[in-house]
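Q: Questions regarding the structure given below will be posed in turn.
Computed from the coordinates by the stated procedures, all read-outs in this text should not be read as laboratory data. This one's a predicted model, so the numbers in the text were calculated from it and none came from an experiment. A quick note on method: Cβ atoms are made from the backbone with ideal geometry, for glycine too, and the neighbour counts reach across all protein chains shown.
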Amino acid sequence: MSTFNETSAGAESGGLLMMEESQVSQGDLLLQDADFPDGYVHMAHPDDYKPIDTPLPKTCLLHQKIGHWRLILRISFLLANGKYLPISFICDTGEPYDFYFSELAVEKLTAGGRVKEDDIGNAYLDNIVGRKAAVRETPYTHKPGNILGLRMMLKLGCKLTESGFEFTESFEYF
């Protein structure tokens, strides 16, 4: 099986290099600390998961390090007690569902009254821009990070630009 992998030579020429799957290192597939800005710890902003009184401003960040380009969304979730819980997400078009949460994020959101279960046990968040949103566990290759998946990126109207990204749907917190 072949995989596309951008190399430094390919990046300079604006092209892609096609490689055999056996040539792709495990590091190319794993989410790593280098995928996050300096100061992030365990794939989270130092102030993530700490309840606050007012929502922090929605932040859409294009993070760029050699070999590590990522779109990062930092957003607050409204908890049942009226506090807000900030969480950082990698925006990943390779993940098809709405949200993928770390164990810590699920723990905090569940304790805060946000994670619900339907009749057959599927976890979801209600009222994410007026809709239910599926909650999944972060895949082992991306732990302990949180991921905003393609379906939610589409629902929010993700728009890519040369300088980063934004959303066409109006929201300040979830």
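Q: At a 10 Å Cβ-Cβ cut-off, how would you order E103, E162, fewest neighbours first?
A: E162, E103
Q: If you take the C-alpha gyration tensor of segment 18-174, multiply each eigenvalue by 5 and take the square root, what semi-axes do you get, largest first, in whole Å?
A: Sorted largest first and rounded, they come to 25, 18, 16 Å.
Q: Under 17 Å Cα to Cα from K58, which lysines show up? Leave out anything in the same chain fewer than 8 places away.
A: K50, K83, K155, K159
Q: May I pose another question? Once the Cα gyration tensor of segment 48-113 is diagonalised, what are the square roots of 5 times its eigenvalues, in whole Å and ordered largest first, as equivalent ellipsoid semi-axes?
A: 24, 14, 9
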